[in-house]
Structures are given as structure tokens and as C-alpha cells.
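Chemist: Have a look at this one before I ask anything.
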There are 2 protein chains.
Amino acid sequence: MLGVIFGGSSYEHEISIVSAIALKKALKQKLVFIFCDSARAFYQIDENSMRATYFSKGEYKKLKSIALKNGGFYTQSAFGSKKIEVSAFINLIHGRDGEDGKIPALFDFYDVAYIGPRIEASVMSYSKILTKNLAQNAGVKVVEFEKLDRNLAPKMAFPFILKPAHLGSSIGIATVKNQNELEFAKDTAFEFDDEVIIEPFLEGVKEYNLAGCKIGDKFHFSIVEEPKKGEVLDFDQKYLSFSGNSEIKEAQISADLKAKMQEMFAKIYDCGFAGAVIRCDFFVHENEVYLNEINPNPGSLAYYLFDDFENMVNSLSKSLPKERKIDIKYKYINSISSNK
Amino acid sequence: MLGVIFGGSSYEHEISIVSAIALKKALKQKLVFIFCDSARAFYQIDENSMRATYFSKGEYKKLKSIALKNGGFYTQSAFGSKKIEVSAFINLIHGRDGEDGKIPALFDFYDVAYIGPRIEASVMSYSKILTKNLAQNAGVKVVEFEKLDRNLAPKMAFPFILKPAHLGSSIGIATVKNQNELEFAKDTAFEFDDEVIIEPFLEGVKEYNLAGCKIGDKFHFSIVEEPKKGEVLDFDQKYLSFSGNSEIKEAQISADLKAKMQEMFAKIYDCGFAGAVIRCDFFVHENEVYLNEINPNPGSLAYYLFDDFENMVNSLSKSLPKERKIDIKYKYINSISSNK
């Protein structure tokens, strides 16, 4: 049975809850739900309890927490410790814990199978600065950017987009047209993050989202979505966008452009995203395609963009990357000891 | 009391054991030793048992394993769970687990204080490819490189240095002068790693190591060491180099060159290494200084390069970075629920 881990100590904790509830509705199969609360205790949640207020009202606290140990999660009782059987987890913690490498690290360390990027790819895509490095290594174009110094004036001319470097769901993102707006946007962004970047505001830019994964040697791509217009989607809009309350708009684009985005997606994905379903957000500006950002754990795993999501996820769960087995034989210590 | 975590599921597991034993000898204070065995079970090791054969012979297996939970490590007995009191851990796991971000992730997740790079800086310095990105972001020169494709001929001309991208302690590193040597070196390197790089062999290059940390706003630098000559130090040589059996040679260099390396070290360190004692290895070639690699958890924390290591480490342990506190108020779920 597949499991879903959600929640986390993250500004996107609530988004993750909504994301998990939406995914539950989207999949026909039974799932195991593991909630990580804001204090990072784990709870197994009954499918029937999967509603937002169960968490916001703290009802889950009546449950006994479970332990993460070698091989998975274990319930603990007077009769001992019992493993919760899960073939693979979907990492659906958004933002910190889920996307900064912590859950991948915990799962790799404790030998738990999961759908989601491994540590390195998580860290690279969690940071909007390192995403630029990753894209550069992959040979994919990105929009130029400047790292903002808290105390210095930016070199870039107004207007620009200001973004905290490590947050998803558009938290702290602002379009900045003048000095007044800059001060306010800077204060807000640095409240959430220690690193903030700015990018030029691209007049007339088109935005497209493409999700996908690779199973064996074959890429499975979603439709290309053109997200709703608006200067920048705010938290509330994003929040609802994958909860099933929003209509998906397939982009009306040329076959060439679609192929171009798929090609760029594949280059990015091959930089360490094996085992994950990711969403790449692209900008098209003056006939040039740029990677905007990588969403390593997209909301509800972007199920709503795929034709046959359930089969794809089940199939992916059976071809996940495994850590290299390291056999420790104490050869060097033995050779040193015997020389003594 | 400070703790030391060592071992790990790593090709450098044995190096880590020697590293911890050497550090024990170097420090006057009492320490808590936590061993992570190759199966990733944790054990608290009595100071008197800290000898290499205690581990190689599996004597530690007579102990009961301990559990990592919120706040630290806990012994478990019929009378319940008891926390092992440690003010901060020194992360002395070399290679996988220690330097790839896993131990930092586990410690951040479970709110355990530690000396060592956080997740992002660990991941960046663990990979020789991402180290190039980090140096570039910091404005520090690196030697050019090429990522080697398993099945294609390299573009770079012989001779070059071939390195697995993710291993320390010189494992799998070779100087390659011709096609025959290339085949052998490639096979060896890909046995250990999925990514391999090559760098030009720089005739007459000088190598210098500089360790340090930042406490508050002040950098504490070690002496500059000129490591022993040899084409490339092999595993055995490196293995002994921090076990106290090797003589440290302070580099005879100009004040200018020393200042230049300290400046480059500071630029690198400020890219996320707060809380760590790292060692930067530099190349000097034709009057140009290059960062060769970053050692995020250097052997024995490079104590032998410092004047007053013990005070420095104690002082660093009291000024470690802390994760941002995220307060989850369920504001969005509550606002959605009340609108229903």
C-alpha cells in the first residue's frame, strides 16, 4: 500500500494538509496517511479523519504518536512495536522539512522507499539561487537574477519581482515598482527567509507549467497548463489551485513549444530527480523559453495535470532509486591493528 | 558536555572511527561518543572503549542501541526512556550520512545542536561538481573540470586527475596519463560513485590547506598546512594523516598568499557554513589561487592545525545557528472552514 506523508514544520504546513486531502480524493486506492505535526511528531491518520479541521482543531493529538525507525514507521504499545506496512511513501510535505532535504534524508537514512527527489535534488530545487546553478549545469536557460543584500540598494532597475529564496506557494513574492514598495517587500521577504532574490519584471511574459516523471527510460509528461493570469498568484489563490476547486486550463501552444518544454524538463529531471514527480514552471518571453522554478513536491503531486495519474504513480513506486549498498569490512583497521 | 557522532554507512566509516579516536586524544574534556554502525543503529560508546578494534571486532554490538528522538539520543530500558545529555554534537561522520546532509537533516529535524555545516552547505560541498557552483556564487576561482560520461571519450587532453564526485579521503582518485589508465580509473571511480569528474593535471601545482570557523563576526583560522608531497595522497596516507602519526608542516608562504587564502576561505564560509569547522584545500598554480575542495567535516576536525582548538570548539558550540521558529496558527484552514 502507498503512504502519504504530509504536514511538517513549514510555512506551507496547511497547504500540505489540503494537498493530502485533495490527493486522497483523486486516488481510488486505499492509502496510509502519516501526519507530521508542527512539533515534528508523527501520527497515523485514519482515512476518515482526513479533513482540514481535524488538524487545525488539534483533534489528531488524541492519537498516540508513532516512531520512525529502520524500515519505516512503527506504532508503539504495551505489546511492543509494530511496523506500519507501506510499500512507498509520497512525500507531500511542502516547503521546509519536505523540500529542503530533511524527509528525503530521514527516509534514506532509515531505508524507507519514497516518491520524491533525493536529498541533493531537493536542496538544489528548494533554493531559487541553487535552481539557477542546476539549470546552468543542465544547459537550461533561466531568467537573470540578483541576490538582494538586506542593507544595500539593488543594482537592478525597477520594476522587478522579489522572491524569498526558499519558499514555495508564492509566500513573500512581490512585484516591486518603486522604492516604497521595495522597503515593504524586503521586510516581508526577510521575515520568512535569510536569502532574497530579485528578477526583472518581464512585460508580457507567458507562464506554463509542465509536470512529469521518468519510469525506467521513459518520460511521462502531463498536459501543459497555463496558470491563471494575475501579476503573481498569491497564497490564497495557490492554496485553492490544487484543491479541486479550480479549473485546469490546457495551454494553447504550438507543438514546437511543447516539445521544447518537454526537452528542458528532461534535462532538468536528469539532474537527480529520479523517483520524483516534479513540476517545472516555465516563462516564455520574446520567443525564448526560461525555467522559472522547479517544484520538487508539487501540490497534490499535480495529479490534475495527468491523464492516468494513478497508474503512473503506482508504476513509479515500483522503480524507485535505491542507495548504493556499502559493505564495511574493517579492512584498514584490521591491517593497521595487525601491524602493531 | 560535547558529543561526537561518528561511523556511518560510508566508504569512510573506518576513517571516521580513527578520526573520533584521535579527537578524543586531542581534547582534555570528557566527551559523549555516539557510534552509528553500518546498519545505521546508534550506540553510546564508553570513552574507555574508544579503540579501533572495539568496532572492527563488533564488540559494540553487545550494547543496547539508543534512539534518536526529539531533543537528542535516548537510552531505552524497562524503566522507560532517558535522554543522554549533550550540549552539542560534533558531526564527525565522513562521507555519506555525515557529509551528504543526512546527519544535519536528522539533527535539524529533531532539534539537536551540532557543529558542522547545515543541510544545504553539506550537499554543496559533498559534491565536487556543486562545490564549483558554490565557489562561483562566492566569487572564488576553481580549476576547470569536465563531467565524465561513462560511455564517451573525454574532451580534455591527457594527463588529467579523475575524481568520483562525492567521495572524500582520496578514494577513487587517480592521475590519468593515457587511455589504458583511463579505463582502469573510470571503472574504479564508477564503482564508488555515479558521477565522476576530470580536471587538468597542473604541473608544479602547490597544495595548501586552511581550516577555520566563524564565531560571531570573527573568523578563527588555522595555520596554513602544506600537505605531504606525492602525486595524490592515497587512502592509507590520508588515513594516517590525522591520526597523530604524521608531522604537520606549516607552509612557508608569503603574508600576501596567506591573506588571499583567508579571504577566499571567508567568502566560501559565508555561503552557509555557519556552525561548522571546515577545511578548504587550495591549489596555487602560476601565481593564481584556486579552491580545490571543501572538507565540510575534516578528519578529527583538523584540530592539529589550530593553536587553541579546545577553546575554539567550546566557544563555537555556544554560538550555533538555530532553525527559524515557524508558528502554525491554521489561519488559512480556519478562514476556509468558516466560509463553508
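We did not get these values from a lab; they are worked out from the coordinates using the rules stated. From a predicted model like this one, the values you see are computed outputs, not experimental measurements. Note that we place each Cβ from the backbone using ideal geometry, even for glycine, and neighbour counts take in every protein chain shown.
Chemist: Springs between alpha-carbon pairs under 10 angstrom, Gaussian network model over chain A: which of A:ASP108, A:ASP97, A:ASP194 fluctuates most?
Modeler: Highest fluctuation among the options: A:ASP194.
Chemist: So for the protein assembly as shown: antiparallel DSSP bridges make up what percent, rounded to the nearest 5? Each step should come with its number before you reach the end.
Modeler: Working: 88 of 112 bridges.
Here the share of antiparallel DSSP bridges comes out near 80 percent.
Chemist: Is there a pair in A:LYS61/B:LYS329; B:LYS128/B:LYS322; A:LYS25/B:LYS69 whose C-alpha atoms are over 22 Å apart, and which pairs would that be?
Modeler: Numbers: A:LYS61/B:LYS329 15 Å; B:LYS128/B:LYS322 27 Å; A:LYS25/B:LYS69 33 Å.
Long pairs (Cα-Cα over 22 Å): B:LYS128/B:LYS322; A:LYS25/B:LYS69.
Chemist: Could you give the nm distance between label points at A:ASP327 and A:LYS62, where each point is 7 Å from its Cα heading toward the beta carbon?
Modeler: Those two pseudo-labels are separated by 5.3 nm.
Chemist: Treating the point 7 Å from Cα along Cα-beta-carbon as the label, what are the nm separations from B:PHE79 to the other copies, to one decimal?
Modeler: Those label-point separations list as 2.9 nm.
Chemist: Can you compute the modelled spin-label distance between B:ASP46 and B:LYS318, with each label point 7 Å from Cα toward Cβ, in nm?
Modeler: For the pair B:ASP46/B:LYS318, the computed spacing is 3.2 nm.
Chemist: In whole angstrom, how far apart do the alpha carbon centroids of segment B:45-115 and segment B:126-184 sit?
Modeler: 34
Chemist: What is the average number of partner chain Cβ atoms found within 10 Å of a Cβ in A:317-325? Provide the component values of the computation, followed by the final result.
Modeler: Values: counts 0, 0, 0, 0, 1, 0, 2, 8, 1.
Mean partner shielding for this stretch: 1.
Chemist: Along Cα-to-Cβ, 7 Å out, sits the label point; list in nm, shortest first, how far the one on A:LYS62 is from those in the other copies.
Modeler: Taking the point 7 Å beyond Cα along Cα→Cβ, the inter-copy spacings are 5.0 nm.
Chemist: Per-residue ellipticity at 222 nm for chain A, helices alone: DSSP H runs ≥ 4 residues times -39500 (n - 2.57), over residue total, nearest 500 deg cm²/dmol?
Modeler: Numbers: 10 runs with 100 residues, N = 340.
It lands at -8500 deg cm²/dmol.
Chemist: Going down the list B:LYS24/B:LYS83; A:LYS214/B:LYS147; B:LYS141/B:LYS260; A:LYS155/B:LYS214; A:LYS206/A:LYS228, which pairs span over 19 Å between their C-alpha atoms? Please report the intermediate quantities before stating the final value.
Modeler: Details: B:LYS24/B:LYS83 22 Å; A:LYS214/B:LYS147 22 Å; B:LYS141/B:LYS260 12 Å; A:LYS155/B:LYS214 29 Å; A:LYS206/A:LYS228 10 Å.
Check vs 19 Å cut-off fails for B:LYS24/B:LYS83; A:LYS214/B:LYS147; A:LYS155/B:LYS214.
Chemist: Of A:CYS271, B:ILE66, B:SER319, which is farthest towards the positive pole of the protein assembly as shown's charge dipole, taken about the Cα centre with +1 and -1 on the beta-carbons of Lys, Arg and Asp, Glu respectively?
Modeler: Highest projection toward the positive end goes to B:ILE66.
Chemist: Which ordering of A:ILE34, B:ILE161 is given by a fewest-first count of other beta-carbon atoms within 10 Å? Display every interim value, and only then the final one.
Modeler: Numbers: A:ILE34 24, B:ILE161 21.
Fewest to most other Cβ atoms nearby, the residues stand as B:ILE161, A:ILE34.
Chemist: Compute the distance in nm between two label points, each set 7 Å from the Cα along the Cα-to-Cβ direction, one at A:ALA138 and one at B:VAL205.
Modeler: 3.0
Chemist: Something else now. Just want to confirm a number: the relative contact order over chain B, from Cα pairs under 8 angstrom separated by 6+ residues, in percent.
Modeler: Values: 641 pairs, mean separation 61.2, N = 340.
Relative contact order of chain B: 18 percent.
Chemist: For B:HIS285, place a label point 7 Å from Cα along the Cα-to-Cβ direction in every copy; what are the distances to the other copies, in nm, shortest first?
Modeler: 3.7
Chemist: Also: Rounded to the nearest 20 debye, what is the charge dipole size of segment A:2-116 about its Cα centre when +1 sits on each Lys and Arg Cβ and -1 on each Asp and Glu Cβ? Write down the numbers at each step before the final one.
Modeler: Values: 15 positive and 12 negative charges, 90 e Å.
Here the size comes out at about 440 debye.
Chemist: Please give the FRET efficiency for B:ILE248 paired with A:GLN179, using the beta carbon to beta carbon distance and R0 = 41 Å, rounded to the nearest 0.05. Working shown, then result.
Modeler: Details: r = 54 Å, r/R0 = 1.32.
Efficiency for this residue pair is about 0.15.
Chemist: Got a sec? Which residues in segment B:275-291 would a label at B:ASP256 touch, if it sits 7 Å along Cα→Cβ and we count backbone N under 16 Å?
Modeler: B:284-290
Chemist: As an exercise, use a Förster radius of 51 Å and the Cβ-Cβ distance of A:LYS83 and B:ASP149 to find the FRET efficiency, rounded to the nearest 0.05. Could the numbers behind the result be given before it?
Modeler: On the way: r = 41 Å, r/R0 = 0.81.
Working from the Cβ atoms, E equals 0.80.
Chemist: Residues of B:69-79, mean number of Cβ from any other protein chain within 10 Å of their own Cβ, rounded to a whole number? Walk me through the intermediate numbers first.
Modeler: Working: counts 5, 4, 0, 0, 0, 0, 0, 0, 0, 0, 0.
That works out to 1 on average.
Chemist: Say a site is exposed when it is one of the GluC sites (Glu not before Pro), sits in a DSSP loop, and has at most 14 other Cβ atoms within 10 Å; what is then the longest site-free stretch of chain B? Intermediate results must be reported in sequence, preceding the final value.
Modeler: On the way: sites that count: B:GLU85, B:GLU144, B:GLU203, B:GLU231, B:GLU247, B:GLU286, B:GLU323.
Excluding the exposed sites themselves, the longest stretch runs over B:1-84.
Chemist: If you line up the long axis of helix B:13-26 against the longest principal axis of chain B, both from Cα atoms, how many degrees apart are they, to the nearest 10?
Modeler: Tilt relative to chain B: about 80 degrees.
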